[in-house]
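Below: one structure, written as structure tokens.
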Amino acid sequence: MTPLIWLLAALFLPLFPLSMLFNALLARVTHVWLRGLLLLVWPQVGLALLATTSQPLPDLVLPWATLTAALYALRALAMRDLGGWSGFIATSSWALLWIALWAGRDHAVVALYALGFSLPLLLLAQLGACLERRFGAAYTGVYGGLAQSLPRFSAILVLVVLAVVATPLFPAFASMLGMTIAIVPGSPATAVGMLLVWLLWTWAGARLLQGLIVGTADAHGGGDLGRAATWSYSALLGALVVAGVVSIGWQL
Amino acid sequence: MSISLGEKLRIRAMVYTAGEPIPYFWPMRSFIHHNPLHGLEDLPFADAVEAGQRLFRARTFLTRRVYQDYLRDGSVDVDTLAAGVARFLADRPGAPGIDLQARLMALLTAPADAADGVPGGGLARGDAVHAALHGERPDAADAMPRVAGRLHAELSHGRPLYEAADSLYGTKIGQELDELVIKSCLDFFDEGQSVWGMPGREQGFFNAWRALARRDARLSLRGLHVKRLLSNDDCPEAVIVHVLEVLQIPEAQWVAYFTRELARLHGWAGFVRWRASAPQYAWGRLYPADLVDYLAVRLTLALALLSERGPKDLPRSVPALSAQIETRTGEMFLRHELYSGGVLPAMARRIEQALARGRDSAIRGVFDAYLPAKVADQASRQVQRLRQLTGDTAALRALSPAQLDDLLDTLDAFERHEGMLWLRAMEAAAITRLLENVSLAPVQARDKRPFVQALFCIDTRSERIRRHLEGVGDYQTYGIAGFFGVPVSFIELGKGSETHLCPVLLTPKNLVLEMTASVPTGEALTALEKVTHELKESVLTPFVTVEAIGLLFGFDMIGKTLAPRSYNRWRRQLRQGKPSTHLLLDKLSREQADSVVRAVQRAVIAKAIEHEFKLAPEHVTDDMVRALREAAMGHQPDNAASQLLPGLDRKAEQAFVERLRTEYRINPAFAQLQLERLGRIGFSLDEQTRFVSQALQSIGLTGDFSRFVLLVGHGSTSENNPFESALDCGACGGNHGLVSARVLAQMANKPQVRRRLATQGIAIADDVWFVPALHDTTTDDITLVDLELLPPSHLVYLDRLKTGLIAAARLCAQERVPTLTIDQQPLDAAAAYFGARRNAMDWSQVRPEWGLSRNAYFVIGRRALTEQFALDGRAFLHSYDYRVDSKLRLLDNILTGPLVVGQWINMEHYFSTTDNERFGSGSKVYHNVAGRFGVMTGNLGDLRTGLPAQTVLNKGEPFHQPMRLITLIEAPFEHARRAVEGVVAVKRLVRNGWIRMIVLDPETSLVHIFAAGEWHSQSKAGFGADEELKRIGAI
């Protein structure tokens, strides 16, 4: 029974090649709230499945999870579609949750780690939907210069992408910090792999922003974020920072 | 592969021709304003800007919105604009039911967001637009035949192959190539910024690069195998031929191909081009390079990158590219859409996935879906454009597809033409304003001479200070080119190289040396600075230096930032000021030159003895030195000195004499060379008289000289500003003008010169004294120099003079400084003066002054013409009195030198404003000095050639109003016309419309303007309202 649970869990905490199913599903879901729900719930299902078995995870899971995370981080580097990019980063980060479980972290804690990864992705999905409404697609390198044409939107987008790539103070950073601390004693090599994956996320985030924010403004950018929407996003980001700071303190 | 001499020369000729449109780039130590499209001046202005736009991918006019702002503030003549539209429509088909004249005027003048059109070459033309207007879906089948043609037009026609590959496959070969070329250039052309220099630079750019590239690990790590490419060819010409043959570029296209390659990094190419044409440039003589070298390096790297980068099917030759477009049109179209930024965002991912999978059927399927969507999108945008034009959909619906096609053609052509219409209308307003305000009233006779006559540079910044100086007292001012008509090659005290103090069009024949009798002191501080420099510049010490003395630099930073004026004053006190100097201005006689050479030789021999035999100076006798010199020069046998050098045998003495000849260059040949060089020093009495006479006559100052005649050169003061020399005097080759002023003053104060001038009818009284001065254009201070030479009789007037100069400076600052502040609020004179001085010392100030920004006019005539008209620092004012120039010699000189320099300055400002990124140099904030001769944006980029944003833009909007130089000559028409037609360079500029030339005839009060290929006349009073002149586009 346990191997079957692990297999199912590998679908929800995506490990390659099962991760392809999640990304295919995410690509087909166009409704923004549904996408958000998927990003929020999907890893939690995997964690819930794993919580049903008390069998320790095999050592094989370490290289498998690390390689999956690295593969999707690398793919995110070349991905120009914001939705696809979110899916790859989600896959990459959720795969790392296996490592936390292998290292003996409590399931509830790991569920919080997953939440730390998912929440910024929810905001990014919302922002992607905004871009799709304005330009027909959220795609880098096709229309640039959002910093000029949509300055408020751009500022929020930059902060959200920073949150997604686990920049300090955000919850994803706390998740990465906690997982790294957990794995170092048991498998330092895996910790190094995780850090490299983290580096790739940052690079991918910079490329994403470069393709959207920088450059000459497109004449048909449409209106910028309204004042209320800007405040709402700012408040949510502020809440994420507070949550992140608390989590970091708790990790340390 | 080696090629024949003839073939080499042919390639060189091709590269030379290809390089002509690339503007020179002078090292920034002496910034030279130049026209970025100088190489296209053979073309009419409108054609040249179109060609320049294509070549440099740059904007050559402002946006419609900015012109509309000018229209609102009265800087545009709306009648001229309307006349321009009518002229444009005269040979265009009309559109039934649409008043195109009214609609185009409305389009121009009504503020609205510009519709994002697809001018020329779009896939949606008349049929598609017709369908879209009637609510139908356009038929994409009509567009299909245009797809391949559009791809050929976009990707071929002289465009580098890697650019085509980049826009089809998303590779970044062009970017990588530029980076590699820039790194190679930085290595080779470095002028002392790098601690470690590139080896083998004496062999020339290509050879040095070739030797290094064959073992360059950086290239190998990038996977570039240039060694194989370079091993086949031994000279740059052969490399160029080889690369073009591999790429299979037809020979007929080589020149165009070279030009496109050079234009990609036109700053570096312009620098290489200038360097190769400047034989006097020391670095160029040491490390030679030319455009053939540069192209050989560039093409080698381009071929290597094309071979190594991208997928297998990347086109690696021109025929391969054409074949791909013909056989895989759909795929190439999708690729081009995706990678050149034209793709419909909604389909971008689908296209990317189909292309990534590479299945023909999938690609075809996506293409079949994409093309109709693209055509519909373009049709909808065209409809939007047309609606914006007509404001009426019903009228558009009534048009047939063919009529819609015509209308779109008209609109496309109009948008291409629009810039010229705005430009002419702006110039018309400016010309009218000038002519309304200039005065032809006769000058009233004076009963006494003015207190001071002051000769200022024609620079636009002199206009303000002249106006204020005239306002504060009995001052009479004149405008003359800032080198005062004396081309000088100058060697400054303590410098070893010559600086040309004249417009770059001239090459000075005479050399002036600066000398001092003072003994330099302050070695301790100099040594300290040297040590600090060494610590900062060496390879390892910076790691320690930061820890050890970094804090000291912190204090320096705080001082410079928080109290720039006081801190800099204190720092200057630490430094030894420049001692009082004299200029060696008179020609040496043969005997004097011999004596100088002998003195130098004796000093060298004495030092050689001290150095080689460790003798104390007191043991080196004159006899010993004389004997050795005679021996070395061959005047005596080598052993003649044997008794004078104690402890040396005959053989050793002979060896020393030989060393004196070879190593210390004490020999007849070198002495002769030194004599020839000394022959360049100074001016003969005839030359001095001629220069003074010419300078005074050219401005009409031939009598009634004041007690003081100020010769005011100008320069600027700023901190931390690589563009400082751009603010100095253009007529002095980008240097400050004080030396030129001192040179002319020294000549004019000489009694022998004055006696000769008197015989020419220029009587200068004995109590007239020419005083050199420097106008600091950042602070507006005018500093008098060489006052120790002033006759005692003048000292009592000095205080009054200085008070007047300070008053003028304060008033000038009050007028000028508010334009430099953020809120642009008026300031009182004291605050403005303080602000100006702070600007000069503030290291964080990116805009110490506006320089020549907003220049628009060049007035050649008497001061009375513009005396009552505040030109706001927008005019070059050259004094001229046609009555003393019956032979046109003086006017010819003004047109040949100052006017051409003015036109360069004007065009530099024009294009730096219309496209600051391509023709200008962007924001100063991101600049880094490159190789000590230029600046780059960031750490790697093209040399920035034009003016920085802070000079021509204010808060992102143009501060400079880009217009062609409006030149007004006050002289009888026939007199001026003959001069203009007689100077070939100026005639070409006028005929091709690079200068707007106007002649104001004081004898008939008629205005003559050159437009549409001929001269047109009108009375001064009726000029601005002349409908005919507006109709033909003259105003």
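Which of (1) of a type in the set (A, V, I, L, M); (2) within 22 Å of A:THR66 (Cα to Cα); (3) surrounded by 24 or more Cβ atoms within 10 Å (Cβ to Cβ) is the odd one out, the single condition A:LEU124 does not satisfy?
Every condition holds for A:LEU124 apart from (2).
Taking the criterion of being at pLDDT below 95 and part of a loop (DSSP other than H, G, I, E, B), would at least one residue in segment A:227-240 satisfy it?
No; the residues of segment A:227-240 include none that is at pLDDT below 95 and part of a loop (DSSP other than H, G, I, E, B).
Against the definition (assigned to a helix (DSSP H, G or I), out of contact with any Leu (no Cβ under 6 Å at 6 or more places or on another chain) and within 30 Å of B:ARG397 (Cβ to Cβ)), how does B:ALA46 come out, yes or no?
No: the conditions fail for B:ALA46.
Tell me yes or no: at least one residue of segment B:315-328 is under 30 Å from B:PHE188 (Cα atoms), crowded, with 22+ Cβ neighbours inside 10 Å and in contact (Cβ under 8 Å) with a residue 12 or more places away in the chain.
No, that holds for no residue.
With respect to B:ILE966, is the statement that it is within 26 Å of B:TYR880 (Cα to Cα) and either in a helix (DSSP H, G or I) or out of contact with any Asp or Glu (no Cβ under 8 Å at 6 or more places or on another chain) (or both) true? Outline the logic, then answer.
Working: within 26 Å of B:TYR880 (Cα to Cα): yes; either in a helix (DSSP H, G or I) or out of contact with any Asp or Glu (no Cβ under 8 Å at 6 or more places or on another chain) (or both): no.
Criteria not met by B:ILE966.
Among the residues of segment A:11-37, which ones are free of Cβ contacts under 8 Å to residues at least 24 places away in the same chain, within 18 Å of A:LEU67 (Cβ to Cβ) and out of contact with any Pro (no Cβ under 9 Å at 6 or more places or on another chain)?
The initial filter retains those residues of segment A:11-37 that are free of Cβ contacts under 8 Å to residues at least 24 places away in the same chain, namely A:17-18, A:20-21, A:24-25, A:28-31, A:33-34, A:37.
Subsequent filtering for residues that are within 18 Å of A:LEU67 (Cβ to Cβ) retains A:17-18, A:20-21.
The answer is A:PRO17, A:LEU18.
State whether one or more residues within segment A:156-178 are buried (at least 22 other Cβ atoms within 10 Å of the Cβ), within 14 Å of chain B (Cβ to nearest Cβ) and in contact (Cβ under 8 Å) with a residue 60 or more places away in the chain. Break it down stepwise before answering.
Step one: list which residues in segment A:156-178 are buried (at least 22 other Cβ atoms within 10 Å of the Cβ), which gives A:156-157, A:160-161, A:163-166, A:170-176, A:178.
Now narrow it down to the ones that are within 14 Å of chain B (Cβ to nearest Cβ): none.
No, segment A:156-178 has no match at all.
Sort out which residues of segment A:127-155 are touching a Leu at 6+ places or on another chain (Cβ under 6 Å), in a loop (DSSP other than H, G, I, E, B) and buried (at least 24 other Cβ atoms within 10 Å of the Cβ), and write them in order of number.
Of segment A:127-155, the ones touching a Leu at 6+ places or on another chain (Cβ under 6 Å) are A:127-128, A:138, A:140, A:146, A:152-154.
Retained after the next criterion (residues that are in a loop (DSSP other than H, G, I, E, B)): A:138, A:140.
Residue satisfying the conditions is A:ALA138 alone.
Of the residues that make up segment B:147-169, is at least one basic (Lys, Arg) and loosely packed, with under 15 Cβ neighbours inside 10 Å?
no
Of B:ILE822, B:ILE806, B:ILE762, which residue is of a type in the set (Val, Ile, Thr), part of a loop (DSSP other than H, G, I, E, B) and without any contact (Cβ under 8 Å) to a residue 40 or more places away in the chain? Step through it out loud before you land on a result.
Details: B:ILE806 fails: part of a loop (DSSP other than H, G, I, E, B); B:ILE762 fails: without any contact (Cβ under 8 Å) to a residue 40 or more places away in the chain.
Step by step, each of B:ILE822, B:ILE806, B:ILE762 is checked, and only B:ILE822 is of a type in the set (Val, Ile, Thr), part of a loop (DSSP other than H, G, I, E, B) and without any contact (Cβ under 8 Å) to a residue 40 or more places away in the chain.
A:ASP59 is checked against (1) out of contact with any Phe, Trp or Tyr (no Cβ under 8 Å at 6 or more places or on another chain); (2) at pLDDT below 95 and fails just one. What number does that condition carry?
The single condition A:ASP59 does not satisfy is (1).
Which members of segment B:279-299 meet the condition of being outside any loop (DSSP other than H, G, I, E, B) and modelled with pLDDT of 95 or more? So that I can check it myself, show each step before the final result.
Residues of segment B:279-299 outside any loop (DSSP other than H, G, I, E, B): B:282-286, B:291-299.
If the condition is that a residue be outside any loop (DSSP other than H, G, I, E, B) and modelled with pLDDT of 95 or more, then B:LEU291, B:VAL292, B:ASP293, B:TYR294, B:LEU295, B:ALA296, B:VAL297, B:ARG298, B:LEU299 are the ones that fit.
All but one of (1) out of contact with any Cys (no Cβ under 7 Å at 6 or more places or on another chain); (2) modelled with pLDDT of 95 or more hold for B:TRP268; which doesn't?
Failed condition: (1).
Where in segment A:1-117 are there helices (runs of 4 or more DSSP H), lying fully within it, with 2 or more residues that are away from chain B (no Cβ under 14 Å) and surrounded by fewer than 16 Cβ atoms within 10 Å (Cβ to Cβ)?
Numbers: elements: A:2-12, A:19-28, A:32-51, A:61-78, A:82-95, A:97-102.
Filter on segment A:1-117 gives A:2-12, A:19-28, A:32-51, A:61-78.
Scan segment B:689-704 and tell me whether some residue there is within 30 Å of B:THR945 (Cα to Cα) and in a loop (DSSP other than H, G, I, E, B). Full working, then the answer.
Within segment B:689-704, the first condition is being within 30 Å of B:THR945 (Cα to Cα), and the residues that meet it are none.
Within segment B:689-704, not a single residue is within 30 Å of B:THR945 (Cα to Cα) and in a loop (DSSP other than H, G, I, E, B).
What's the total number of residues in segment A:191-222 that are at pLDDT below 95 and either β-branched (Val, Ile, Thr) or crowded, with 21+ Cβ neighbours inside 10 Å (or both)?
Result for segment A:191-222: 4.
Return the residue satisfying two criteria in turn: it lies in segment A:123-145 and is among the small types (Gly, Ala, Ser) and touching a residue at least 40 places away in the same chain (Cβ under 8 Å), and of such residues it is farthest from the other protein chains (Cβ to nearest Cβ). It would help to see each step written out before you state the result.
Just the residues of segment A:123-145 that are among the small types (Gly, Ala, Ser), to begin with: A:125, A:128-129, A:136-138, A:141, A:144-145.
Next cut, touching a residue at least 40 places away in the same chain (Cβ under 8 Å) only: A:125, A:128-129, A:137-138, A:141, A:144-145.
Values: A:ALA125: 16, A:GLY128: 12, A:ALA129: 14, A:ALA137: 4, A:ALA138: 8, A:GLY141: 7, A:GLY144: 8, A:GLY145: 11 Å.
Among those that are among the small types (Gly, Ala, Ser) and touching a residue at least 40 places away in the same chain (Cβ under 8 Å), it is A:ALA125.
Determine which member of the set B:PRO564, B:PRO508 is within 30 Å of B:PHE483 (Cα to Cα) and at pLDDT 85 or above. Walk me through how you get there before you give the answer.
Working: B:PRO564 fails: within 30 Å of B:PHE483 (Cα to Cα).
Criteria check complete, one pass: B:PRO508.
If you go through segment B:30-43 one residue at a time, do you hit one that is in contact with a strand residue (DSSP E or B) (Cβ under 9 Å, 6 or more places away or on another chain), within 22 Å of B:PHE189 (Cβ to Cβ) and in the same structural domain as B:GLY192 (by TED's automatic domain parsing)? Quick ask: steps written out before the conclusion?
Our first condition is that a residue be in contact with a strand residue (DSSP E or B) (Cβ under 9 Å, 6 or more places away or on another chain); within segment B:30-43, this holds for B:30.
Within this subset, residues satisfying the condition of being within 22 Å of B:PHE189 (Cβ to Cβ) are B:30.
Then drop every residue that is not in the same structural domain as B:GLY192 (by TED's automatic domain parsing), which leaves B:30.
So far as segment B:30-43 goes, yes, one or more of its residues are in contact with a strand residue (DSSP E or B) (Cβ under 9 Å, 6 or more places away or on another chain), within 22 Å of B:PHE189 (Cβ to Cβ) and in the same structural domain as B:GLY192 (by TED's automatic domain parsing).
So which helices (runs of 4 or more DSSP H) are wholly in segment B:327-427 and hold at least 1 residues that are within 14 Å of chain A (Cβ to nearest Cβ)? Even if it seems obvious, please write down each step before you answer.
On the way: elements: B:329-339, B:345-357, B:360-390, B:393-397.
It comes to B:329-339, B:345-357, B:360-390.
Could you please tell me which pairs satisfy a Cβ distance under 9 Å, a separation of 6+ or placement on different chains, a first residue in segment B:655-668 that is in contact (Cβ under 8 Å) with a residue 24 or more places away in the chain and buried (at least 16 other Cβ atoms within 10 Å of the Cβ), and a second residue that is among the aliphatic types (A, V, I, L, M) and in a loop (DSSP other than H, G, I, E, B)?
Within 9 Å, the pairs are B:PHE656/B:LEU645; B:PHE656/B:LEU648; B:VAL657/B:ILE666; B:LEU660/B:ILE666; B:ARG661/B:MET633; B:ILE666/B:MET633; B:ASN667/B:MET633.
Restricting the search to segment A:170-205, which residues are within 13 Å of A:LEU97 (Cα to Cα) and either touching a Lys or Arg at 6+ places or on another chain (Cβ under 6 Å) or not in a helix (DSSP H, G or I) (or both)?
Within segment A:170-205, A:ALA182 is the sole residue that qualifies.
Any residue at all in segment B:76-86 that is part of a loop (DSSP other than H, G, I, E, B) and not assigned by TED's automatic domain parsing to the domain that holds B:GLU908? Show your work before the answer.
At the first step, the residues of segment B:76-86 found to be part of a loop (DSSP other than H, G, I, E, B) are B:76-77.
Subset that is not assigned by TED's automatic domain parsing to the domain that holds B:GLU908: B:76-77.
Within segment B:76-86 (the criterion being part of a loop (DSSP other than H, G, I, E, B) and not assigned by TED's automatic domain parsing to the domain that holds B:GLU908), the answer is yes, since at least one residue qualifies.
If you go through segment B:57-76 one residue at a time, do you hit one that is within 17 Å of the chain's Cα centre (by Cα) and either crowded, with 18+ Cβ neighbours inside 10 Å or over 20 Å from B:PHE258 (Cβ atoms) (or both)? Give the derivation first.
Step one: filter segment B:57-76 for residues within 17 Å of the chain's Cα centre (by Cα), giving B:58, B:60.
Now narrow it down to the ones that are either crowded, with 18+ Cβ neighbours inside 10 Å or over 20 Å from B:PHE258 (Cβ atoms) (or both): B:58, B:60.
There is at least one residue in segment B:57-76 that is within 17 Å of the chain's Cα centre (by Cα) and either crowded, with 18+ Cβ neighbours inside 10 Å or over 20 Å from B:PHE258 (Cβ atoms) (or both).
I'd like to check something: does segment A:146-155 contain any residue that is polar (S, T, N, Q), touching a residue at least 24 places away in the same chain (Cβ under 8 Å) and more than 14 Å from chain B (Cβ to nearest Cβ)?
The initial filter retains those residues of segment A:146-155 that are polar (S, T, N, Q), namely A:148-149, A:154.
With touching a residue at least 24 places away in the same chain (Cβ under 8 Å) added as a condition, the list becomes A:148-149, A:154.
Filter once more, keeping what is more than 14 Å from chain B (Cβ to nearest Cβ): A:154.
For segment A:146-155, residues polar (S, T, N, Q), touching a residue at least 24 places away in the same chain (Cβ under 8 Å) and more than 14 Å from chain B (Cβ to nearest Cβ): present.
The values are calculated or read from the model by the stated rules, or taken from the named source; none is laboratory data. Owing to the predicted nature of the structure, the values given are computational and were not obtained by experimental measurement. Counting neighbours? That spans all protein chains shown, and the Cβs are built from the backbone with ideal geometry, glycine included.
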